[in-house]
Amino acid sequence: MIGKAKDSQAKKLPAELPLCVDLDGTLVKTDLLWESLIKLLKQAPWCMLWLPFWLLQGKSRFKQEIADRVDLEVASLPYHSEFLSYLKEQERPLILATASCEKYALEIAKYLPIFDQVISTKPGQNLSGSNKLRRIREVVGPHFGYAGNAHVDCQIWDHCDEVIMVNPPKSLVKKYAAKGETKLFQDQKNYGKVLLTQIRIHQWAKNFLLFIPLLLAHMLTLEQVIPTVFAFFSFSVCASAVYLLNDLLDLESDRCHERKKNRPLASGHLPIAHGVFLIPLLLLISGGIALSLPLLFQVSLLVYFIMTLAYSFRLKSLMLIDVITLAMLYTIRIITGGFAAGVEVSTWLITFSLFFFFSLALAKRYSELNKVRSKNQISAKGRGYFASDLDQISNFGSSSGMISVIVMALYINSDNVTRYYRHPYFLWLICPVLLYWICRVWMLAHRDELHEDPVIFAITDWQSYIVGAVIGLTALAAILF
């Protein structure tokens, strides 16, 4: 949306008035210092130890040291499309004036050949606030327009001829509303909705697996249910923190993905700094809840967190190791639920879970690679697979799904089943129903009709609800009749 001051308040500006354009938060909906910091953490985490020493030598040195070690893919950055279109229509001098490191500013100016000059941070001078104003005046003189987004830009807006605001705080909009020829570019985004999307509330559905041991042991008493409910929220909040970290580390690859590029962090709708702050906050909440639960639950939650860290930093890029890890993370949820409720989890359930979720994890990779192949690309960015691996992944995944059904059949035929079910022969109906659902998932994957996340697929697929209802009613019949 572009808003202008009333015509009666506007003053005529010369057509050739130079326009100085800020970069972070204005031209791009992100902060390049945070972008480079996150990428440095991913590719060389030991360099984090040097950050305080670099910062003590000044902010310009701090930025330069990071830029010397990190290359950013400027083509994939989340540019403010509406504002960029406005700039491309201008027939006056455009100057990129940014506090970001000169290396990144020049790369962006090369990618967007609309700028006549670049003013940026160099060793010895951090080009922000009054330093930027002084440098702009040296380059273009006392008359110029300026496009910015933050309170620090007030030092420049107060001395320029034209004020352009891009996604500014409401307080700044009100402050400069009366100034002539003020333009406003504003994304209409509900911050609360953006935040809920980022922490992926819908993914909490995975953590209902914590209730599986209770349901299968037929121990639905308050003494067991209440701790499991607390465990559910502790696990879910911890998982949300991990999703945040994973999205921060995957910013560049997510922006190259057809669907993931719309995630709040990747798209720039949620500032990276907010995501970084939320991670320890969510972990503190999760840990606080976990303190009220058994020690084995706390240990299991810690193991889950360590495994997800390993997955985020390294394992997800390793062929097959990634999907085995995902299967283990799902299985850990079930084991953790048993620890929370004080219920023993059988080896039958653990074995079934490993093969079942290994199949779903491979279906997820298959769907991703299928889209890669449809775009005539060789491999998926950030993954250890090639498009040519599709057939083998399909073989592994469908075979693993069949094995999970066999494990279910062996359990139904075992002596253990009579401890919990009066008439276990009803349970045989579960096998063909489960077989149908697994085969259907893989058929849809082959047709490129499967959502890349099988959990989202199951939540939104009406046939999955019918399958779940049939399995539930069958188990109930085996207990009661």
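The values are calculated or read from the model by the stated rules, or taken from the named source; none is laboratory data. Note that the structure is a prediction, hence the values are computed from the model and not measured. Cβ atoms come from the backbone with ideal geometry, glycine included; neighbour counts cover every protein chain shown.
What pairs come out if I take residues in the range 139-163 that are in the same structural domain as ALA177 (by TED's automatic domain parsing) and on the phi > 0 side of the Ramachandran plot and pair them with residues that are at pLDDT below 90 and not in a loop (DSSP other than H, G, I, E, B) whose C-beta lies under 6 Å away, six or more apart or interchain?
none
For the range 325-346, enumerate the residues that are in contact (Cβ under 8 Å) with a residue 24 or more places away in the chain, under 25 Å from the mean Cα position of the chain (by Cα) and more than 22 Å from TYR411 (Cβ to Cβ).
Within the range 325-346, LEU326, LEU329 qualify.
Among the listed residues ILE471, ILE438, ILE430, which satisfies the condition of being at pLDDT 85 or above, of a type in the set (Val, Ile, Thr), crowded, with 17+ Cβ neighbours inside 10 Å and over 28 Å from the mean Cα position of the chain (by Cα)?
ILE430
For ASP453, indicate whether it is assigned by TED's automatic domain parsing to the domain that holds ASN395 and either at positive phi or touching a Pro at 6+ places or on another chain (Cβ under 9 Å) (or both).
Here the answer is no, as ASP453 does not meet what is asked.
For the range 252-268, which positions are in a helix (DSSP H, G or I) and of a type in the set (D, E, K, R)?
GLU252, ASP254, ARG255, LYS260, LYS261
Check every one of the helices (runs of 4 or more DSSP H) wholly within the range 132-205 and list those with 3 or more residues that are over 30 Å from ILE334 (Cα atoms) and charged (D, E, K, R).
170-176
Mind counting the residues in the range 282-310 that are within 17 Å of PHE233 (Cβ to Cβ), hydrophobic (A, V, I, L, M, F, W, C) and free of Cβ contacts under 8 Å to residues at least 12 places away in the same chain?
3
Run down ALA409, ALA361, ALA387, ALA380 and say which single residue is of a type outside the set (Ser, Thr, Tyr), over 30 Å from ILE479 (Cβ atoms) and surrounded by fewer than 20 Cβ atoms within 10 Å (Cβ to Cβ).
ALA387
Inspect all residues belonging to the range 244-267 and state whether any of them is small (Gly, Ala, Ser), closer than 15 Å to LYS42 by Cβ and at pLDDT 90 or above.
Yes; the residues of the range 244-267 include at least one that is small (Gly, Ala, Ser), closer than 15 Å to LYS42 by Cβ and at pLDDT 90 or above.
Return a yes/no flag: does the range 248-258 have any residue that is over 11 Å from the mean Cα position of the chain (by Cα) and surrounded by fewer than 18 Cβ atoms within 10 Å (Cβ to Cβ).
Looking for residues that are over 11 Å from the mean Cα position of the chain (by Cα) and surrounded by fewer than 18 Cβ atoms within 10 Å (Cβ to Cβ), one finds at least one in the range 248-258, hence yes.
With part of a helix (DSSP H, G or I), in contact (Cβ under 8 Å) with a residue 40 or more places away in the chain and closer than 22 Å to LEU435 by Cα as the only criterion, which of LEU349, LEU362, LEU354, LEU390 stands out?
LEU349
Tell me the residue from PRO294, PRO271, PRO264 that is more than 30 Å from SER379 (Cβ to Cβ) and under 16 Å from the mean Cα position of the chain (by Cα), please.
Selected residue: PRO271, the only one of PRO294, PRO271, PRO264 that is more than 30 Å from SER379 (Cβ to Cβ) and under 16 Å from the mean Cα position of the chain (by Cα).
Residues of the range 47-75 being closer than 17 Å to LEU37 by Cβ and of a type in the set (Gly, Ala, Ser), which ones?
GLY58, SER60, ALA67
Among residues belonging to the range 295-318 that are aliphatic (A, V, I, L, M) and either touching a Phe, Trp or Tyr at 6+ places or on another chain (Cβ under 6 Å) or surrounded by 20 or more Cβ atoms within 10 Å (Cβ to Cβ) (or both), point out the one that is nearest to LEU209 (Cα to Cα). Lay out the reasoning, then the answer.
Here is the first cut: in the range 295-318, the ones aliphatic (A, V, I, L, M) are 295-296, 299, 301-303, 306-307, 309-310, 315, 318.
Subset that is either touching a Phe, Trp or Tyr at 6+ places or on another chain (Cβ under 6 Å) or surrounded by 20 or more Cβ atoms within 10 Å (Cβ to Cβ) (or both): 296, 301.
Working: LEU296: 17, LEU301: 14 Å.
Looking at residues that are aliphatic (A, V, I, L, M) and either touching a Phe, Trp or Tyr at 6+ places or on another chain (Cβ under 6 Å) or surrounded by 20 or more Cβ atoms within 10 Å (Cβ to Cβ) (or both), I get LEU301.
Tell me which of these MET219 doesn't satisfy, since it passes every other one: (1) of a type outside the set (Gly, Ala, Ser); (2) in a loop (DSSP other than H, G, I, E, B); (3) closer than 29 Å to HIS80 by Cα.
For MET219, the exception is condition (3).
Over 27 Å from GLU91 (Cβ atoms) and either at pLDDT 90 or above or surrounded by 15 or more Cβ atoms within 10 Å (Cβ to Cβ) (or both): which single residue out of SER171, SER128, SER120 fits that description? Let's see the steps before the verdict.
On the way: SER171 fails: either at pLDDT 90 or above or surrounded by 15 or more Cβ atoms within 10 Å (Cβ to Cβ) (or both); SER120 fails: over 27 Å from GLU91 (Cβ atoms).
It is SER128.
Applying the selection to the range 200-249, what residues are of a type in the set (Gly, Ala, Ser) and touching a Lys or Arg at 6+ places or on another chain (Cβ under 7 Å)?
SER240
Just a yes or no: is a residue in the range 307-330 of a type outside the set (A, V, I, L, M, F, W, C) and closer than 30 Å to ARG419 by Cα?
Yes, the range 307-330 contains at least one residue that is of a type outside the set (A, V, I, L, M, F, W, C) and closer than 30 Å to ARG419 by Cα.
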